[in-house]
1. Report yes if some residue within segment 479-493 is at pLDDT 75 or above, part of a helix (DSSP H, G or I) and under 30 Å from Q316 (Cα atoms); otherwise report no.
2. Checking the conditions here, which among L283, L219, L298 is at pLDDT 80 or above, among the aliphatic types (A, V, I, L, M), surrounded by 14 or more Cβ atoms within 10 Å (Cβ to Cβ) and within 29 Å of the chain's Cα centre (by Cα)?
3. Within segment 5-45, track down each residue that is surrounded by fewer than 19 Cβ atoms within 10 Å (Cβ to Cβ), touching a helix residue (DSSP H, G or I) at 6+ places or on another chain (Cβ under 7 Å) and β-branched (V, I, T).
4. What is the one condition in (1) in a helix (DSSP H, G or I); (2) surrounded by fewer than 20 Cβ atoms within 10 Å (Cβ to Cβ) that Q177 does not satisfy?
5. Return the only residue of T190, T169 being of a type outside the set (K, R) and over 27 Å from F109 (Cβ atoms).
6. Can you name the residue in segment 43-77 that is closer than 22 Å to M122 by Cβ and either assigned to a loop (DSSP other than H, G, I, E, B) or in contact with a Ser or Thr (Cβ under 7 Å, 6 or more places away or on another chain) (or both) and, of all such residues, is modelled with the highest pLDDT?
7. Restricting attention to segment 129-150, report how many residues are more than 29 Å from N456 (Cα to Cα) and either out of contact with any helix residue (DSSP H, G or I) (no Cβ under 7 Å at 6 or more places or on another chain) or among the hydrophobic types (A, V, I, L, M, F, W, C) (or both).
8. What are the pairs with Cβ atoms under 8 angstrom where one residue, in segment 123-140, is among the aliphatic types (A, V, I, L, M) and the other, located anywhere, is open to solvent by 30 Å² or more (accessible area, probe 1.4 Å) and not in a helix (DSSP H, G or I)? Sequence gap at least six, or different chains.
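The values are calculated or read from the model by the stated rules, or taken from the named source; none is laboratory data. This one's a predicted model, so the numbers in the text were calculated from it and none came from an experiment. Note: ideal-geometry Cβ built from the backbone for every residue, glycine included; neighbour counts use all protein chains shown. Surface accessibility is based on the protein's heavy atoms, side chains included, excluding ligands, DNA and RNA. Shrake-Rupley method; radii C 1.70, N 1.55, O 1.52, S 1.80 Å.
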Amino acid sequence: MSRIKNPIFRWFDQIVLDLLRQWRWSFLPPLLIYFAYGVQGVTSVASTFFVKEYLDLEAAFLAGLAFWVGLPWALKMPLGHFVDLIWRWKYLMILLGATLMAVSYGIIFSLLVMPGSMTEIMPANAWYVTSVILAPCGFVLQDIVADAMSVEAVPHLTREGSAYSASETRIMHTTMQTLGRITLIGGFSTAAAMNVWLFEGAEALPQVEKGALYAQIYLLALAVPLLSLSGVAAALLQRSWTRSRLRRQGLGAGEIHARLNPPREPVAVNWWFFIGGGAFVALSLGAGLGDLPQAQELVFVGSMGIVILLIRQLIQSLSPAQARALIGTAIIIFAYRATPLNGAAATWFEIDRLGFDQQFLSVLSLISSLLTLAGMVVLRPLIANNTIAWIIIFLALTEALLSLPNIGLYYGLHEWSAPLTGGLVDARFIALVDTAVESPLGQIAMIPMLAWIARNAPSNLKATFFAVMASFTNLALSASSLGTKYLNQVFVVTREVQGPNGEITTQANYEALGILLITVAVLKLVIPLTTVALIQLSPLRSHD
């Protein structure tokens, strides 16, 4: 049997070799920036222990600080439009972001190695707050530019100067966005693995040596902004090499400029994006500072109104057919991501009744992260060769099916399967298999949307499109959180809570968990499928 007819080789060719064939060195610059964002998690554990052991901040203050840390991401919409306006100088935004990140890490490093000198200038708590706010400001600047760079990374001309076909362009954009998600998650996984290695045996160290270890980690973290800047260096080197190659081919300056720079329409200031972004921040501030009833619902409704207004501004630059396709696609993906989840009750049941301890839950988390990486590679051909509507149908059916093992665990499936298999297929085995299969699905839904924006958004508004549509799809996660809250209010599940003296103040009650799990599974199926059917029967139907 020839290799071509061998099904194993065909699978390997479609999954691995084809990904290598789709690789372009122009993909590298934005991928380095995405990877840097993922790796920044290397300080997460050190930061937690630094706060606990060196600062006197209360838990309530830290919870409030988390709100302020999230505010820079609310500025993504106006900053996205600003990046489009200054696109020629976009690398300065990467440099500014790297500088803010380096200052953030440098502050904590300095507090650890020369606390006296630092506290003479400002209290340690104030230094920490400054550091925590500077870091996300740097990351959001780089994330906005990297999103738009991921569009530029897809070549518009072959080495011979001819244009790629529409199908080739679609596949390359899908590959680029898939690699972007893979690189980001790979960065998170790398940071987690580094923390496991760096903190081995740390609990037995004297406090002085622990502080030295934290300082080493923050010194190591200074490589993160350097890593993001390496993306800029790679982009500049690639342009220089390509320019030299085209000169050797005898091309003139005008032709070289056309080859190096994709066609880009002039961009005019649209003040609506700055007004909408300002309103978004004001709304977030009002909710964060005010003690309003139903604050989450008010923020969600207000934010949705602002984002819809800005989407209306976006589609004015598209053709009617593209505008309808964008709206239909966005609604489908919003409905899929907005489906409610089980909530904390399912985890409580796993801990209390199934005996899942911290280590096993950590193993599940690590397996989920690693298999998400593998799953996106394996499922890339499915994403590239099918319509968005088909992909969402596939994901909805698969997720609903994968809800069955968790439902089965609640109703005692493991008690039946374990004796039949000599203890092999117990609760932990079922949870591991379920996690292994389900892990990649959550990340896949965003890839078609990102690829669609990369292909169809106007050349002069790529960063704006990415920023606004990212805000829209993130609101879907807020809707999911609200739906999860409402379901847990209807189907009340309580865990056992003990008082300071060991007395039980709240009894565990998992009687409503089964119907909660079933309801969530049904909604995961019904909401996306109904939405796809309605959109595909309407003028918003998309064939993309």
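1. Yes, that holds for at least one residue.
2. L219 is the lone residue from the list that is at pLDDT 80 or above, among the aliphatic types (A, V, I, L, M), surrounded by 14 or more Cβ atoms within 10 Å (Cβ to Cβ) and within 29 Å of the chain's Cα centre (by Cα).
3. Passing the criteria: only I15.
4. (2)
5. Answer to the check: T169.
6. L55
7. Of the residues in that region, 5 qualify.
8. Filtered contacts from segment 123-140: V140/L75.
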